[in-house]
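Colleague: Starting off with a structure, shown below.
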Amino acid sequence: MLLLASFGVIILAIGLMGDSIGLWENSPFLTNLLSSLTGFCFAVPVAIIVLHRVSIFQMDHQQWRTLSGLASDLSHRMSVVAVGLRVHSSPSDHGAASDAFWAAHNETIMAIKNWLDALNRTDQQQLASALEQVITQGDRCVRAWNACWGSPLDVRGALAEIRMRWNTLIGDVEPRLRDIGRPLFSTSELHIEMEEALEWIGAGSTSGRLDGPLSPPTWIEEARSALTRIREADSSSSPSGPLVESIHHLEAAVSSSDEEHDRYEYLAEVTIRLRSVVDAAVAGPQRLSS
């Protein structure tokens, strides 16, 4: 292309020199031929440059459409999965289930406190009644949680999927969109919040693994295990016996459910905002025109 343009310059120079001395006055065919050849030498490079730029624009546009569609799908699915940790899809039903859980949670903690207070008394009938309340309220708390949030197995699967999709979005799609000048996130704030939410909830490392200390909390499993041991323990055991130890394990498990509940709610909140930001980026003014 450069050679062709250079050749055109040479022909142009020759033509101008010929004009200055009247060389072409009696050669109309040669004049037209040289004029056409000169125009060709300049027109072809210009056309190639224009077509190249059009091709780049079309490629960027097609890449934007593909990547923005993928980003939208990923963020929508993450939001659906996070909100899907709730047993009830309706916000009002979920709110009612959450309120029922907190009521059962508080009653269980109170029943445990009453039993521990009764442990220092000699009235075995009162101690047995207090223990029955611990078991009743503990079972109620477990049922209320199950009516509010998915099972530990479902939660682990959901968190693994969210982590995998987030890794794809932030590790593959977003960098490629930045390369064509169309980033999804104008700041790193939401990126940081999403990482914090996944780390807080225990949704594995950036590799997407869910093993070791990063496994999701499972208070419900600890509570069930403690309730089983409480039923099997000797109710007349000493303050240092297996029953007391199991009661304390149940108390610790129920207390830890506070944070787990907040973690799931926070994850749903962040993924909903992520979905909104991605949707705005895909449909916003920075989108390549069609």
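The values are calculated or read from the model by the stated rules, or taken from the named source; none is laboratory data. Worth saying up front: this structure is predicted, and the values here are computed from it rather than measured. Methodologically, a virtual Cβ is constructed for each residue, glycine included, from the backbone with ideal geometry; neighbour enumeration extends over all protein chains shown. Remember, those area values only see protein heavy atoms, side chains included, never the ligands or the DNA or RNA. Shrake-Rupley method; radii C 1.70, N 1.55, O 1.52, S 1.80 Å.
Colleague: In square angstrom, what is the accessible area per residue of region 128-202 with a 1.4 angstrom probe?
Modeller: Computed with neighbouring chains in place, this is 45 Å² per residue.
Colleague: R0 = 25 Å: FRET efficiency of HIS76 with GLU193, Cβ-based, nearest 0.05?
Modeller: With a Förster radius of 25 Å, E is 0.85.
Colleague: Sticking with this one: Taking all protein chains in place and a 1.4 Å probe, what share, in percent, of the accessible surface of region 131-186 do carbon and sulfur account for?
Modeller: Working: 1200 of 2420 Å².
Answer for region 131-186 is 50 percent, counting heavy atoms of protein chains only.
Colleague: Taking 7 Å along the Cα-to-C-beta vector as the label spot, tell me the ASN106-GLN126 distance in nanometres, rounded to one decimal.
Modeller: My value for the distance between the label points is 2.5 nm.
Colleague: At a Förster radius of 22 Å, what calculated FRET efficiency corresponds to the Cβ-Cβ distance of ASP172 and ALA283, to the nearest 0.05?
Modeller: So, using R0 = 22 Å, E works out to roughly 0.55.
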